[in-house]
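What follows draws every value from the coordinates through simple rules; no lab data is involved. What you see is a predicted model; the values in this text were computed from it and never measured.
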């Protein structure tokens, strides 16, 4: 009999936290400054609150579907067609995340430390990691997250603490930055930065209990948003606006400033370590979930024969954009503006439809879905 | 002009595509037609996409 993988609250929280706060090491602080100006920290808090509110609605609707992931819910709501369509949407979201982040991480890595290596060589490391991770499966990945994510978090907090000497609170003035409408109306769609919460609804079948899913969602969203806000606050107080808009890799530049006496210099090496760890975990989990979704949406018996071909497709797709700027444009302007639709609106819609069907089948004496 | 490295790489991709397609055939025989179709699509893409990148984008 095949053993069913179940993991706990901490492992799942570590996965979701890492998926959300990997953006700190890429472009989140700068994107927040672009949106909010000197009020970037208000913008970061605002989108965190929106994400938590969105999750609250979804978790309330999720209650009758304990132990079922989003694909199961889609099947309950709209049958096989629903499962396949939702599968395509999830595959697109995860696929874009993997492809774009692989390219962005590799380009940034090339910019910082592997300056003379060709891009394909840098990407090969990511491909080896995602293939290995997918072969080991979600149980190994979840345990690895439970161990590595605290290390990444401590490293990140050390960098933030080290930058305390360079903080100038005056850089936060004027308090409302780019204005109320830029932050609260135009900025609202950037709740898409939390779209990785979608992964939690895919992991629901591994979490088994509704209570575990609920607490995982809140813990990971709250902790990730605290770190995102800290990163924005430190970045926008260390680098004055608008010169902060010119910085490509914000936290790397913060880390480069840190000099604590004669012995604690070149702290960016810590940044490089946690950044590489975080990005490898991000891409590996995303890739595993692509395989998981592919298997489940198309009712396949195995996913392992698809690991090598899909990894080659992911790597090839990451070469399609002509340069780094093109990837960032697609990522920030399109994906991070609209991914709230599949992450928040789609689950709400599916859950409402599935609940209606559930109620109808209960009225007509049916017993599906199981309301345990 | 195609180098020997390109030819070796295309050969490797064809091997991977054949392996993937054989999984597709196995799935087809188990009456999962749509799943098999998706696997065949992956098998075609695994050759077509890298070849496009190698031959057209690099140029």
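State, as an integer percentage, the relative contact order of segment B:4-57 based on alpha-carbon contacts under 8 Å between residues 6 or more apart. Spell out each step's value before the answer.
On the way: 34 pairs, mean separation 21.1, N = 54.
Rounded, it is 39 percent for segment B:4-57.
What is chain A's relative contact order, in percent, from Cα pairs under 8 angstrom and six or more apart in sequence? Could the numbers behind the result be given before it?
Working: 503 pairs, mean separation 149.3, N = 372.
Computed value for chain A: 40 percent relative contact order.
Any chance you could give the angle, 0 to 90 degrees and rounded to 10, that helix A:138-162 forms with the longest Cα principal axis of chain A?
30 degrees
Take the alpha carbon gyration tensor of segment A:1-145, find the square roots of its eigenvalues, order them as a ≥ b ≥ c, and report rounded if a/c is under 1.5; if not, report prolate when a/b exceeds b/c, else oblate. Mind showing how you got there, number by number?
Values: a/c = 1.93, a/b = 1.23, b/c = 1.57.
Note, shape of segment A:1-145 comes out oblate.
Taking a ≥ b ≥ c as the square roots of the Cα gyration tensor eigenvalues, with a/c under 1.5 meaning rounded and otherwise prolate when a/b beats b/c, else oblate, which class fits chain A? Kindly include the intermediate steps, with their values, before the conclusion.
Details: a/c = 1.93, a/b = 1.46, b/c = 1.32.
Prolate is the answer for chain A, as a/c is 1.5 or above and a/b outweighs b/c.
Computed over the Cα atoms of segment A:82-201, what is the ratio Rg over Rh, Rh following Kirkwood? Kindly include the intermediate steps, with their values, before the conclusion.
Numbers: Rg = 19.4 Å, Rh = 18.6 Å.
Result: Rg/Rh = 1.04.
State the Kirkwood hydrodynamic radius of segment A:150-243 in Å, one decimal place, computed from all pairs of distinct Cα atoms.
Values: mean 1/r = 0.0629 Å⁻¹.
So the Kirkwood estimate lands at 15.9 Å.
Using alpha carbon centroids, what distance separates segment A:123-183 and segment A:334-363, in Å?
Segment A:123-183 and segment A:334-363 have Cα centres spaced 29 Å from each other.
Any chance you could check the Cα centroid distance between segment A:1-61 and segment A:238-295 for me, in angstrom?
For segment A:1-61 versus segment A:238-295, the Cα centre distance is 16 Å.
Taking only DSSP H segments of four or more residues, each worth -39500 (n - 2.57), what value at 222 nm results for the protein assembly as shown once the sum is divided by all its residues, to the nearest 500 deg cm²/dmol? Write down the numbers at each step before the final one.
Details: 15 runs with 290 residues, N = 431.
Calculated from helices alone, the mean residue ellipticity at 222 nm is -23000 deg cm²/dmol.
Given Cα positions, please report Rg to Rh for segment B:4-57, the hydrodynamic radius being the Kirkwood one.
Working: Rg = 12.8 Å, Rh = 11.6 Å.
A ratio of 1.10.
Can you give me the angle between helix A:40-62 and the longest principal axis of chain A, using Cα atoms only, in degrees from 0 to 90, rounded to the nearest 10?
Around 10 degrees separate the two axes.
Express the relative contact order of segment A:17-117 as a whole percentage, based on alpha carbon pairs under 8 Å and six or more residues apart in sequence. If you can, show how the numbers build up before the last one.
Values: 27 pairs, mean separation 14.0, N = 101.
Across segment A:17-117, relative contact order equals 14 percent.
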